[in-house]
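Contents: one structure, followed by commentary.
The values are calculated or read from the model by the stated rules, or taken from the named source; none is laboratory data. Keep in mind that this is a model prediction, so the values were computed, not measured. In this analysis, Cβ positions are derived from the backbone assuming ideal geometry, glycine residues included, and neighbour counts consider all displayed protein chains. Each accessible area value is taken on the protein alone, full model and side chains, heavy atoms only, with ligands, DNA and RNA left out. Shrake-Rupley method; radii C 1.70, N 1.55, O 1.52, S 1.80 Å.
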Amino acid sequence: MYTAEISRSNQSCFLFVIDQSGSMADSFGGANSKAQSVADAINRLLQNLIIKCAKSEGIRDYYHVGVIGYGNHVGAAFSGSLSGKELVPISEIANNPFRIEERTKKVPDGAGGLVDQTVKFPIWFDPTASGGTPMCNAMAKAKSILTQWLSEHPNCFPPVVIHITDGESTDGDPSLAMQELRELFSNDGNVLLFNLHISNSADKIIFPESSDKLPDEYSKMLFGGASYLTPFMRSVANQEHELSLSDGAKGFVLNADLTLVIQALDIGTRPSNLR
């Protein structure tokens, strides 16, 4: 299982489910809010996915990608011409950024120091923070989208859902909705669900294999809702991110900072068999 080739004729998909509740306006380890930090991470990941799919003849549609936000409402969260679209081919994403911002980053100056360099930063997904945390509704939306996808792509590498949240569900216990999402499957395996909890706490727990050290029922719920990492995901985590994950590691992080969010996004979206 989880060995299907990802190609233009056998595409896979990524679905990002992003908490956009009011608490996402809180600061997150610096000047930016949680919502802004997560939006930056998603936009950077989309840019990296485009680069991975870029070949001499153009962007190959190895993936469809969707971003679902949930707060005041639940639904597709792309901005601009992609607004309202739930799953979009990666080539269409490449050709339709909402806007291009100029950002500065530190780069080596060749003499042991750092200088500011201006880079172009495409934006597809804008930060939003208002309302409650309707997590059950968001998971049901993800299930609906992927049920349709899987009916059209029965042999695909299973879709990967990456859920990022900073708080507890306000529309009930999402455990069953998460289970129903994980139980969707292609001929290559079940849907893979990551639950990434973000906060400014220093007490981080990264891809645990048991809930024994989790502090409360909420974190245990998110752990229970997450999928087991595939062998390839564990190898990426261990070899490239210097983690020491065992066979039972699950796609759950508690109290992630931005660095850990980016790390988890890389592990969750790295293809094992791209052709």
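Report summary: the helix-based calculation at 222 nm, which adds -39500 (n - 2.57) for every DSSP H run with n ≥ 4 and divides by the residues of the chain, gives -9000 deg cm²/dmol. For the chain, modelled as a Gaussian network with Cα springs under 10 Å, which listed residue fluctuates most, Val38, Val88, Val107? So, out of Val38, Val88, Val107, the one fluctuating most is Val107. How would you classify the range 138-275 from its alpha-carbon gyration tensor, with a ≥ b ≥ c the square roots of the eigenvalues: rounded for a/c under 1.5, else prolate if a/b is greater than b/c, otherwise oblate? Note, shape of the range 138-275 comes out oblate. Cross-link check: pairs Lys52/Lys213; Lys105/Lys220; Lys52/Lys143; Lys85/Lys106 evaluated at a Cα-Cα cut-off of 30 Å; pairs beyond the cut-off: Lys52/Lys213; Lys105/Lys220; Lys85/Lys106. So, counting K/R as plus one and D/E as minus one, what does the shell of residues with Cβ under 11 Å around His241 add up to? Counting the neighbours of His241, the net charge comes to -1.
Less than 5 angstrom separates the built amide H of Val17 from those of Ile68, Ile162, His163, Ile164, all sequence-distant by 5 or more or on a different chain. Among the GluC sites (Glu not before Pro) within the range 18-124, those in coil by DSSP and having at most 16 neighbouring Cβ atoms inside 10 Å are Glu57. Shown in residue order for the range 189-204 are the 3J(HN,Hα) couplings computed by the Karplus curve 6.51 cos²θ - 1.76 cosθ + 1.60 at θ = phi - 60°: x, 7, 4, 9, 10, 9, 10, 10, 9, 10, 6, 8, 5, 7, 8, 8 Hz (x for Gly and Pro). Sparse packing (at most 13 other Cβ atoms within 10 Å of the Cβ) combined with a DSSP loop state is found for none of the chymotrypsin sites (Phe, Trp or Tyr not before Pro) in the range 87-187. Extension gain for Val107-Lys220 works out to 36.6 nm (0.36 nm per residue, less the C-alpha to C-alpha distance). Of the whole protein surface, Phe223 contributes about 20 Å² of accessible area at a 1.4 Å probe radius. Think of the range 134-275 as having a plus end and a minus end, set by charges on the Cβ of Lys, Arg, Asp and Glu; of Leu260, Leu222, Gln148, Gln148 sits farthest toward the positive end of this dipole.
In order along the range 5-10, phi translates into HN-Hα couplings of 5, 9, 8, 5, 8, 9 Hz, rounded to whole numbers, per the Karplus curve 6.51 cos²θ - 1.76 cosθ + 1.60 with θ = phi - 60° and x for Gly and Pro.
The distance linking the range 99-162 with the range 218-238 is 19 Å (Cα centroid to Cα centroid, whole angstrom).
Taking every DSSP beta bridge that has both ends in the range 134-203, the antiparallel portion is near 25%. When the chain is treated as a Gaussian network with alpha carbon springs shorter than 10 Å, the biggest mean-square fluctuation among Ile18, Ile59, Ile51 belongs to Ile51. Taking the chain as a Gaussian network of alpha-carbon nodes connected by springs under 10 Å, the highest mean-square fluctuation of the residues Asp19, Asp247, Asp61 belongs to Asp247.
With 0.36 nm allotted per residue and the present C-alpha distance subtracted, the Asn48-Ala31 stretch has 3.7 nm of extension available. In a DSSP loop and with at most 12 other Cβ atoms within 10 Å, the GluC sites (Glu not before Pro) in the range 146-253 are Glu183, Glu242.
Seen from Met139, the other residues with C-beta closer than 13 Å to its C-beta sum to a net charge of -2, counting Lys and Arg as +1 and Asp and Glu as -1. 3J(HN,Hα) along the range 95-103: 8, 9, x, 5, 7, 10, 9, 9, 10 Hz, from the Karplus curve 6.51 cos²θ - 1.76 cosθ + 1.60 with θ = phi - 60°, whole Hz, x for Gly and Pro.
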